[in-house]
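Novice: What follows is a structure written as structure tokens; I'll ask about it next.
The values are calculated or read from the model by the stated rules, or taken from the named source; none is laboratory data. This is a predicted model, so every value here is computed, not measured. Ideal geometry is used to build each Cβ from the backbone, glycine not excepted, and the neighbour counts take in all protein chains shown. For accessibility, only protein heavy atoms count, side chains too; no ligands or nucleic acids. Shrake-Rupley method; radii C 1.70, N 1.55, O 1.52, S 1.80 Å.
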Amino acid sequence: MSQSLRDARLDRVGIVMMSAVGDAVHVLPVINALKRHTADARVTWVLQPAPATLVRGHPQVDDIVIFDRARGRRAFTEVKRQLSTRPFDVVLDLQVYFKAGLVTSFTKAPVKLGFDKARARDMNWLFTTHRIPPHPAGQHVQDQYFEFLQALGVEPEPAAWHLGPWDDEREWQRDFFSRIERPVAAIVVGTSKAEKDWIPERWAQVVDVLYDEYGLQPVLVGGRSARELAAERVIMERARHKPISALGSGLRKLVSILDGSALVLAPDTGPLHMAVALDRPVISLIGYTNPKRTGPWRRFHDLIIDAYGAPGEDYPISMENRPGRMPSISVDDVVARIDFWHHTYGTRRP
């Protein structure tokens with residue numbers, strides 16, 4: 001990497017990552033590392049409304065520019081207007097798609113750092129002035145983001161999220177858990193794609209196992225999409241021990257719930273990565289996406305239920321999705337991981 005890039009000023013940094021909640025979680029260690037390197041750096045982040053609710057108020061996020069894709073072309077016009085008054089020293093385009101490249105083109109910065117040509121999609125590399133070096137093997141998304149820091153001469157370790165709960169959220173957290181007599185097992189019932197979801201009837205069986213055999217209080221968490229509400233109905237109808245539903249509590253309250261839980265169970269979705277950031281043991285149910293790329297980063301690999309690969313398959317890290325794999329995860333598979341958690345992690349108290 002050229003010395004000129006390593007010498008780039010980092011007083012005003014723009015982040016273009018407008019995607020999902022899980023990606024937003026992966027961006028936080030990047031921002032924290034930038035602030036460790038340049039304490040007075042000002043970080044502006046372009047992202048969508050939903051993940052913005054998670055990181056708004058974060059002590060290291062100075063400014064947020066909302067990209068509301070639901071507004072169509074007007075979303076680009078509004079973002080361009082807002083970025084016109086925010087000059088940067090460096091812009092990090094952490095996405096590989098055309099829309100991110102277009103937003104990057106609206107920024108004013110001498111250095112616009114993006115992915116190399118091999119990994120950038122939709123000719124995204126055309127919108128950047130500098131690119132991270134090619135990487136011969138696949139990497140976890142978190143490690144890919146760290147490549148941007150390394151290109152700038154910024155040390156990414158130790159990885160830190162500082163996701164919360166923040167001081168003004170502790171009272172709500174105490175009140176929520178004060179009404180629950182058992183340790184909590186948070187269950188994430190839905191994701192952004194139906195192919196990543198697990199079967200609600202099986203979640204209902206797991207709810208009863210958690211309650212009867214492990215003394216845990218299941219709490220359903222997530223949003224209030226049609227699929228999540230449908231899953232909630234099935235679970236409530238089928239489970240003998242009705243779980244507490246906290247669907248629709250919002251991302252900041254979800255942080256408090258996950259932080260106070262003894263165990264989290266989740267498919268590949270944002271709350272899984274939130275649990276990792278909070279260092280809460282999480283049983284991951286993964287079949288559609290590659291767990292080596294999008295599973296829990298560095299932690300709780302012994303709690304992964306891997307339906308992505310065939311038994312004994314040494315698959316590479318890739319962006320390939322494999323539909324139809326989630327139904328192969330049985331209730332017994334999940335119970336076996338719960339039992340392993342109970343004997344390995346269960347003595348930890350949140």
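Novice: If you take the residues in the stretch 171-215 that are outside any loop (DSSP other than H, G, I, E, B) and of a type in the set (Gly, Ala, Ser), which one is nearest to Leu272 (Cα to Cα)?
Specialist: Of the stretch 171-215, the ones outside any loop (DSSP other than H, G, I, E, B) are 171-178, 184-188, 194-196, 200-214.
With of a type in the set (Gly, Ala, Ser) added as a condition, the list becomes 178, 185-186, 194, 204.
On the way: Ser178: 24, Ala185: 13, Ala186: 11, Ala194: 16, Ala204: 19 Å.
Only one residue fits best here, namely Ala186.
Novice: Another question, then. Looking at the stretch 147-159, can you tell me whether even one residue there is in a strand (DSSP E or B), out of contact with any His (no Cβ under 6 Å at 6 or more places or on another chain) and buried (at least 19 other Cβ atoms within 10 Å of the Cβ)?
Specialist: Quick first cut of the stretch 147-159, residues in a strand (DSSP E or B) only: none.
No; the residues of the stretch 147-159 include none that is in a strand (DSSP E or B), out of contact with any His (no Cβ under 6 Å at 6 or more places or on another chain) and buried (at least 19 other Cβ atoms within 10 Å of the Cβ).
Novice: What do you reckon, is His135 open to solvent by less than 10 Å² (accessible area, probe 1.4 Å) and in a loop (DSSP other than H, G, I, E, B)? Spell out the reasoning first.
Specialist: On the way: open to solvent by less than 10 Å² (accessible area, probe 1.4 Å): no; in a loop (DSSP other than H, G, I, E, B): yes.
Here the answer is no, as His135 does not meet what is asked.
Novice: Another question, if that's okay. Go through the stretch 41-93 and give me each residue that's within 22 Å of Ser192 (Cα to Cα), touching an Asp or Glu at 6+ places or on another chain (Cβ under 8 Å) and of a type in the set (S, T, N, Q).
Specialist: Gln48, the sole residue that qualifies.
Novice: Name the pairs whose Cβ atoms lie under 6 Å apart, with the first residue in the stretch 101-113 and under 17 Å from Met18 (Cβ atoms), the second charged (D, E, K, R) and open to solvent by less than 20 Å² (accessible area, probe 1.4 Å), and 6 or more positions between them or separate chains?
Specialist: Final answer for the pair search is Thr104/Asp93.
Novice: I would also like to ask the following. Would you say Arg299 is in a loop (DSSP other than H, G, I, E, B) and surrounded by 14 or more Cβ atoms within 10 Å (Cβ to Cβ)?
Specialist: Numbers: in a loop (DSSP other than H, G, I, E, B): yes; surrounded by 14 or more Cβ atoms within 10 Å (Cβ to Cβ): yes.
Spelling it out, Arg299 is indeed in a loop (DSSP other than H, G, I, E, B) and surrounded by 14 or more Cβ atoms within 10 Å (Cβ to Cβ).
Novice: Looking only at the stretch 261-278, decide whether some residue is farther than 29 Å from Phe146 by Cα, open to solvent by 20 Å² or more (accessible area, probe 1.4 Å) and either at pLDDT 95 or above or assigned to a helix (DSSP H, G or I) (or both).
Specialist: Looking for residues that are farther than 29 Å from Phe146 by Cα, open to solvent by 20 Å² or more (accessible area, probe 1.4 Å) and either at pLDDT 95 or above or assigned to a helix (DSSP H, G or I) (or both), one finds none in the stretch 261-278, hence no.
Let's see how each residue does on (1) hydrophobic (A, V, I, L, M, F, W, C); (2) within 19 Å of the chain's Cα centre (by Cα); (3) under 21 Å from Asp208 (Cα atoms):
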{"position": "Glu232", "(1), (2), (3)": "no, no, yes"}
{"position": "Leu251", "(1), (2), (3)": "yes, yes, no"}
{"position": "Thr269", "(1), (2), (3)": "no, yes, no"}
{"position": "His273", "(1), (2), (3)": "no, yes, no"}
{"position": "Pro291", "(1), (2), (3)": "no, yes, no"}
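Novice: Another question, if that's okay. Looking at Pro133 and the list (1) farther than 22 Å from Arg9 by Cα; (2) out of contact with any strand residue (DSSP E or B) (no Cβ under 9 Å at 6 or more places or on another chain), which single condition is not satisfied?
Specialist: So Pro133 meets the others, but not (1).
Novice: How many of the residues making up the stretch 53-89 are over 22 Å from Asp11 (Cα atoms) and either within 20 Å of the chain's Cα centre (by Cα) or crowded, with 18+ Cβ neighbours inside 10 Å (or both)?
Specialist: Count: 6.
Novice: Would it be correct to say that Gln144 is without any contact (Cβ under 8 Å) to a residue 60 or more places away in the chain, under 18 Å from the mean Cα position of the chain (by Cα) and either more than 29 Å from Val30 (Cα to Cα) or open to solvent by 20 Å² or more (accessible area, probe 1.4 Å) (or both)? Lay out the reasoning, then the answer.
Specialist: Values: without any contact (Cβ under 8 Å) to a residue 60 or more places away in the chain: yes; under 18 Å from the mean Cα position of the chain (by Cα): yes; either more than 29 Å from Val30 (Cα to Cα) or open to solvent by 20 Å² or more (accessible area, probe 1.4 Å) (or both): yes.
Against the criterion (without any contact (Cβ under 8 Å) to a residue 60 or more places away in the chain, under 18 Å from the mean Cα position of the chain (by Cα) and either more than 29 Å from Val30 (Cα to Cα) or open to solvent by 20 Å² or more (accessible area, probe 1.4 Å) (or both)), Gln144 qualifies.
Novice: One residue is enough: does the stretch 302-311 have a residue meeting the conditions at pLDDT 95 or above, part of a helix (DSSP H, G or I), out of contact with any strand residue (DSSP E or B) (no Cβ under 6 Å at 6 or more places or on another chain) and open to solvent by 30 Å² or more (accessible area, probe 1.4 Å)?
Specialist: Yes, the conditions are met somewhere in the stretch 302-311.
Novice: Go through the stretch 223-249 and count every residue that is open to solvent by less than 40 Å² (accessible area, probe 1.4 Å) and assigned to a loop (DSSP other than H, G, I, E, B).
Specialist: The number of residues fulfilling the criteria is 6.
Novice: Since Ser318 meets every condition but one in (1) touching a Phe, Trp or Tyr at 6+ places or on another chain (Cβ under 7 Å); (2) of a type in the set (S, T, N, Q); (3) surrounded by fewer than 16 Cβ atoms within 10 Å (Cβ to Cβ), which condition does it not meet?
Specialist: (1)
Novice: Note down all Cβ pairs under 8 Å where the first residue falls in the stretch 327-340 and is in contact (Cβ under 8 Å) with a residue 12 or more places away in the chain and farther than 23 Å from Ala194 by Cα, the second is assigned to a helix (DSSP H, G or I) and among the aromatic types (Phe, Trp, Tyr), and they're at least six residues apart or on different chains.
Specialist: Cβ pairs passing all conditions: Ile338/Tyr214.
Novice: Please determine, by comparing only the residues of the stretch 90-132 that are of a type in the set (Gly, Ala, Ser) and assigned to a loop (DSSP other than H, G, I, E, B), which one is surrounded by the fewest Cβ atoms within 10 Å (Cβ to Cβ).
Specialist: It comes out as Ala118.
Novice: Now for a separate question. Out of everything in the stretch 13-50 that is part of a helix (DSSP H, G or I) and without any contact (Cβ under 8 Å) to a residue 60 or more places away in the chain, what residue ends up being farthest from Leu102 (Cα to Cα)? Working first, answer last.
Specialist: Here is the first cut: in the stretch 13-50, the ones part of a helix (DSSP H, G or I) are 21-37, 49-50.
From what's left, without any contact (Cβ under 8 Å) to a residue 60 or more places away in the chain: 31, 35, 49.
On the way: Ile31: 22, Lys35: 26, Pro49: 18 Å.
Among those that are part of a helix (DSSP H, G or I) and without any contact (Cβ under 8 Å) to a residue 60 or more places away in the chain, it is Lys35.
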